[in-house]
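To keep things clear, I will list the structure first and then write my remarks on it.
The values are calculated or read from the model by the stated rules, or taken from the named source; none is laboratory data. On a predicted model such as this, the values are computed, not experimentally measured, just so you know. Here the Cβ positions follow ideal geometry from the backbone for every residue, glycine too, while neighbour counts run over all protein chains shown. Surface areas here come from the heavy atoms of the whole protein model, side chains and all, with no ligands, DNA or RNA. Shrake-Rupley method; radii C 1.70, N 1.55, O 1.52, S 1.80 Å.
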Amino acid sequence: MESRSRPLLALLLLIPAPSIGVLANGILAESNTAFLAFIGLAIWALCKVWIFGFPVIWHIRIDGGERGYSLLLEGSGFRPWIEGLGLGLALSIILVITFLVAKPFLDIESIGASIRGVGLDSWSMLIPAILFWVFINSVVEEYVYRWFITEQAATIFDGDPIKSGIISVLSFTLHHVVAVALVAPIWMALLAGSAVGFGGVAFSWLYHRHGSIWPAWACHAVLDIVVFGGVGWLALVAS
């Protein structure tokens, strides 16, 4: 297989999977028909397994790479972590200010009802979900989008960090837009997608700067805490 067609195939096999899983979970799994609900959950679960397993299997079996943990360069010290956490905090402040500006135009009651409708209807449900998003889901997303997709795209574009970063950001944004569109108006999904894309740019910059997913994860984790804390406030306090 030619050098460019192999990474292109890898991207085509991986990038649609998160959106397919989100759609299956949001449409079929919520069906009142038991069979359709089962199919939806099964597709969602298979997509999760695929998203996690496909990159490492492709990397080792197809690309001939070695197992690794995206470790920071020796002697990096705390600077990568400080940059990741600091950038996450700065973006969180911008996000909160943006929300406060947009709040008068939002239907808080409707948004809260939509969030509760997907099962986040109590703190006992929300807190474990936040822990999952911060310590598991965001790590997997950085492993998939910042490492695997970026590196495959870099092979296609001869190592160009801008072009490979664009592929990473767009693919990262896609399934978030799909997810929000299932519970909110399309304009809100596009607005949320813009915010996610902006975050993706920051994560990609940190990945290229330090050659590791971990500073990007630190930034991502801070933002997730703020975002999903806000989700909890919308669902359980404001509405």
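Evaluate the following for Leu95: is it open to solvent by 70 Å² or more (accessible area, probe 1.4 Å) and outside any loop (DSSP other than H, G, I, E, B)? For Leu95, the condition - open to solvent by 70 Å² or more (accessible area, probe 1.4 Å) and outside any loop (DSSP other than H, G, I, E, B) - is not met. When you look at Phe132, is it touching a helix residue (DSSP H, G or I) at 6+ places or on another chain (Cβ under 8 Å) and either part of a helix (DSSP H, G or I) or crowded, with 18+ Cβ neighbours inside 10 Å (or both), yes or no? In short, no.
Being within 21 Å of Tyr145 (Cβ to Cβ) and open to solvent by 50 Å² or more (accessible area, probe 1.4 Å), is that true of even one residue in the stretch 78-85? Yes, there is a match, as at least one residue in the stretch 78-85 is within 21 Å of Tyr145 (Cβ to Cβ) and open to solvent by 50 Å² or more (accessible area, probe 1.4 Å).
Restricting to the stretch 51-67, give me the number of residues that are within 26 Å of Gly21 (Cβ to Cβ), in contact with a helix residue (DSSP H, G or I) (Cβ under 9 Å, 6 or more places away or on another chain) and open to solvent by 40 Å² or more (accessible area, probe 1.4 Å). Here the count works out to 6. Within the stretch 206-219, the set of residues being open to solvent by 10 Å² or more (accessible area, probe 1.4 Å) and either of a type outside the set (A, V, I, L, M, F, W, C) or at pLDDT below 95 (or both) comprises Tyr207, His208, Arg209, His210, Gly211.
Right, Val227: more than 16 Å from Glu142 (Cβ to Cβ) and either open to solvent by 50 Å² or more (accessible area, probe 1.4 Å) or basic (Lys, Arg) (or both) or not? So Val227 fails the test. Assessment of the stretch 112-120 against the conditions (open to solvent by 80 Å² or more (accessible area, probe 1.4 Å) and not β-branched (Val, Ile, Thr)) yields no matching residue.
Residue-by-condition table, conditions (1) more than 20 Å from Pro18 (Cβ to Cβ); (2) β-branched (Val, Ile, Thr); (3) part of a helix (DSSP H, G or I):
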position: Glu109; (1), (2), (3): yes, no, yes
position: Arg116; (1), (2), (3): yes, no, yes
position: Ile149; (1), (2), (3): no, yes, yes
position: Gln152; (1), (2), (3): no, no, yes
position: Ile167; (1), (2), (3): no, yes, yes
position: His175; (1), (2), (3): no, no, yes
